[in-house]
Each structure stands twice: as C-alpha cells, then as structure tokens.
Amino acid sequence: WELVCKSMDEKNRPYPDVSTQVRRPHNIHQIAINGPYYALICDEAVAEAGVEVLFDTMCAKVVELEDRKVITVCTKTGLQEIETKVLIDCTGDANVASLAGYELLREDEFQPATYSCKLEGYDVDSLDLERIGENFDREVQAGNLSYTDVSWTIDRFNPQWLRAKGANGNHVDVEGCRGRTSEERSAISLKARLTILKLLRFFRKQSGLEHIRLDAPSREHCEYTMLKLI
C-alpha cells in the first residue's frame, strides 16, 4: 500500500472515494495506477532494501532437505542451484509448490481467458452495429467465428470488443486447458491470436471499420492499469 500511495502521489493521481458503503460497481473502487511507473517504484524499493534480484529466471526443481531447500532455476546461461531456508511461491499458479510435491486444490469450474489488445482506426459511435451484428451472425452460423470472440456473451452478438477497443472484451476457451502448463498457455495464446486475426479480417469488410488496425500498447494505454484492492 505504501508503494501504491507513493506512485499515486508522485503522479498527482486522485484516489477513489471509498468512504461510503453504497453499493457501486467494483470499478468505481479501483485505484487507477500508472502501471510502468508503479513497477519502477517497486524496483526502487527492492534496490533500497538490498535485495538480490535475478530476472529472466524460472524455477525448474525444488528439493526439500531437513534444514534447507535446494532450488534449481533456469537462467539465460543454464541451470543454477540456490539454497534457502524459506521459499515463497509468488508464481500465481502454485508452480513452485507443485514442483516441491505439495498437493494443489483446484476448482472444477474455471473462468475463460481474456486476451487483450489495442485497436485503433474507427469511431464506434458512428458504426451501424445492427448491420454488423447481422453479418457477424452469419459468420457464427457458418462456424467461422464465435460470439465469445468479441464479448462475454455466448448466444448473441455483443460489440463489447469493439467498444473496449480490444481491451478485456473477449473470452478464449480451449477444452482441457486451464493455463497452468506451458502447453496449455501456448494453446490458449495461439487460439486467441489467430482469432484476433480472423476478427480483423472480418471487420475490415464492414462499413466504418475499413481502417481498423491492431496497435501496440501506448503510454496512454498503460496509464490506466487497474489495481484491484481486496
């Protein structure tokens, strides 16, 4: 929290008002940080604390001995062993805990992945979304596209992806893939990228979207990275 406040204060960014208990959409209570700047603040704190950092590294093996743990990590120049008394798994997927042999608890149902991008070259308010939706319906019926390619709605056309300019506006699901392994993440990512390519080719044929393009994230796009506080 100290780092969040520091990054907000140095950028003179406003905090949301969370003093009331009125039921409001969760995004109203989110703190919009500058993602890249916050990362620099974290780097500064790590350096000031004297922490030894090793980037571009993944854990490959964990051996638990009586008085220590021996970790084998994959670096850019090969395998390297590190010994420690305490090991904290911050992978988000419990990869290290799994390598150490601990049992993992998994839910039976998973939320589909969302593959974000940044779209430019059109004005969504000027589009004939009803006509575009009719054309999209035909592509879905032909098996070329899916409604979840452009939204979280499974049974009808929802221009969520277009309105969000590609950010957090679709669902990607590959049967049997939960995103824990490299194979699963590769399958999901490849499907998502090929889907975006199909969408761009489809939308370029629609009136008002002839100049739609896939753009790299800009500084402004990174400016409003959302940090959810639980």
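The values are calculated or read from the model by the stated rules, or taken from the named source; none is laboratory data. Nothing here was measured: the structure is a model prediction, and the numbers come from that model. Cβ coordinates were reconstructed from backbone atoms using ideal geometry, including for glycine residues, and neighbour counts include every protein chain displayed. Protein only, heavy atoms only, side chains kept; ligands, DNA and RNA dropped before computing areas. Shrake-Rupley method; radii C 1.70, N 1.55, O 1.52, S 1.80 Å.
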(message) So, in the range 49-105, how many residues would count as being surrounded by 10 or more Cβ atoms within 10 Å (Cβ to Cβ), over 30 Å from Leu3 (Cα atoms) and of a type in the set (D, E, K, R)?
(response) 5
(request) Output the qualifying pairs, or none if there are none: Cβ atoms under 8 angstrom, residues six or more apart or on different chains, first residue in the range 98-127 and in contact (Cβ under 8 Å) with a residue 60 or more places away in the chain and of a type in the set (Asp, Glu), second residue exposed (fewer than 14 other Cβ atoms within 10 Å of the Cβ) and assigned to a loop (DSSP other than H, G, I, E, B). (result) none
(message) With the requirement that a residue be free of Cβ contacts under 8 Å to residues at least 12 places away in the same chain and either in a strand (DSSP E or B) or surrounded by 12 or more Cβ atoms within 10 Å (Cβ to Cβ) (or both), what does the range 25-39 give you?
(response) Ala39
(request) Go over the candidates Asp108, Asp128 one by one and state the one that is modelled with pLDDT of 90 or more and either open to solvent by 40 Å² or more (accessible area, probe 1.4 Å) or small (Gly, Ala, Ser) (or both). (result) Asp128
(request) Name the one entry in Asp93, Asp137 that is among the charged types (D, E, K, R), more than 24 Å from Asp215 (Cα to Cα) and within 17 Å of the chain's Cα centre (by Cα). (result) Asp93
